[in-house]
Structure formats: structure tokens, C-alpha cells
1. Within the set of pairs 6 or more residues apart or between chains, which connect a residue that is modelled with pLDDT under 90 inside segment 123-140 to a residue that is crowded, with 18+ Cβ neighbours inside 10 Å and assigned to a helix (DSSP H, G or I) with Cβ atoms less than 6 Å apart?
2. For segment 64-80, which positions are under 25 Å from residue 141 (Cβ atoms) and part of a helix (DSSP H, G or I)?
3. Go through segment 21-48 and give me each residue that's among the charged types (D, E, K, R) and either more than 19 Å from residue 116 (Cβ to Cβ) or part of a helix (DSSP H, G or I) (or both).
4. Restricting attention to segment 58-103, report how many residues are exposed (fewer than 14 other Cβ atoms within 10 Å of the Cβ), among the basic types (Lys, Arg) and either in contact with a strand residue (DSSP E or B) (Cβ under 7 Å, 6 or more places away or on another chain) or under 19 Å from residue 38 (Cα atoms) (or both).
5. Could you tell me how many of the residues in segment 92-143 are assigned to a loop (DSSP other than H, G, I, E, B), farther than 30 Å from residue 58 by Cβ and of a type in the set (D, E, K, R)?
6. Output the residues belonging to segment 107-127 that are within 22 Å of residue 52 (Cβ to Cβ) and touching a strand residue (DSSP E or B) at 6+ places or on another chain (Cβ under 7 Å).
7. Mind checking which residues of segment 98-122 are modelled with pLDDT of 85 or more and either aromatic (Phe, Trp, Tyr) or on the phi > 0 side of the Ramachandran plot (or both)?
8. If a residue must be closer than 23 Å to residue 52 by Cβ and charged (D, E, K, R), how many such residues does segment 71-106 contain?
Amino acid sequence: MRNVITFISILILNVAFAQVKDFKSTDFTIADNVAKLNHGKELDNLPLLAHELTYKLDSDVEKFRAIYTWVCSNIKGDLSVSDKVLYKRKKHKNDSLSYTQWNNNYLKKALKKLFKHKKTMCTGYAYLIKQLCFLANIKCEIIDG
């Protein structure tokens, strides 16, 4: 019984700490400064923006930090459409085809608003970060949920 408890405890600890990365040893000063230096840049040339945010940085972690910091500092949240989106998602939740069609149409509008006004909701942030990471050759996936 004691061995079983020890085994389960070790298993739980391994699972709990499997994804932990020690960022205490990573200095993000340069990444944060790069993001600040590019404050206010437009979204009309994403390849250039991705390059400007990452070319001085060595690691993917630093590059991601610069991209993330820039997006968080330069893109506003669009709370005006939050209720509308929640309503539409509830309305279409039992009809996946209808939901997919609505979502695809909405995504086009949301991305247009993002690029024109630098305002978006969760999905826009995710797609922008993913695209900038792709352009900087950083593996990045959007996890829905």
C-alpha cells in the first residue's frame, strides 16, 4: 500500500510540474524594450513588424515575449461586440453548420476591424499572435476553449 501511495504521489507531482519552465533565468529586458520601441506600429505590413520585433533576439522565448508584449500594448479589447458574440454562439450552439458559417463570416469582419482600428476580442488576439509567430518562425498553436 505504501508503494502505491508513493507511486501515485510521484505521478501526480510529475504531471503537475511537467509544463513548468523556469523563466527566472531568462532576462526579458531586451524583448520588452524591443516591444516598446515598436509601440504604435501599424498592422499593414506584418512580415516587417514580425522582423522588427524579433531580429535582435536570440531565443524563441524572447521573440514570443516581444510579440506578446507588443500585441498586449498596442491592440485594444473590443468589448462592444462581446455580448453580440456570446449571443450568436449560444444561438448556433446546436447547429454546427450554421455556427461554422456564422463564425467564418464574423472572423472576416473581426480581422478587418483589427487591422483597421487595432481593436479585437480574444480570437483576434490569438490569430494576430499566431501570424506574427509564424512570420518569425516560431511554432504556435491556438487552443480553443
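The values are calculated or read from the model by the stated rules, or taken from the named source; none is laboratory data. Just so we're clear, the structure is a prediction, and the values are computed from it rather than from any experiment. Heads up, the Cβs are rebuilt from the backbone with ideal geometry, glycines too, and the neighbour counts pull from every protein chain shown.
1. Short answer, once both residue conditions are applied: 124/110; 124/114.
2. 64, 65, 66, 67, 68, 69, 70, 71, 72, 73, 74
3. Those that are among the charged types (D, E, K, R) and either more than 19 Å from residue 116 (Cβ to Cβ) or part of a helix (DSSP H, G or I) (or both): 21, 22, 24, 27, 32, 36.
4. The total comes to 1.
5. Summing the residues that are assigned to a loop (DSSP other than H, G, I, E, B), farther than 30 Å from residue 58 by Cβ and of a type in the set (D, E, K, R) in segment 92-143 gives 2.
6. Across segment 107-127, the qualifying residues are 114, 118, 119.
7. Those that are modelled with pLDDT of 85 or more and either aromatic (Phe, Trp, Tyr) or on the phi > 0 side of the Ramachandran plot (or both): 115, 118.
8. Residues meeting the conditions: 1.
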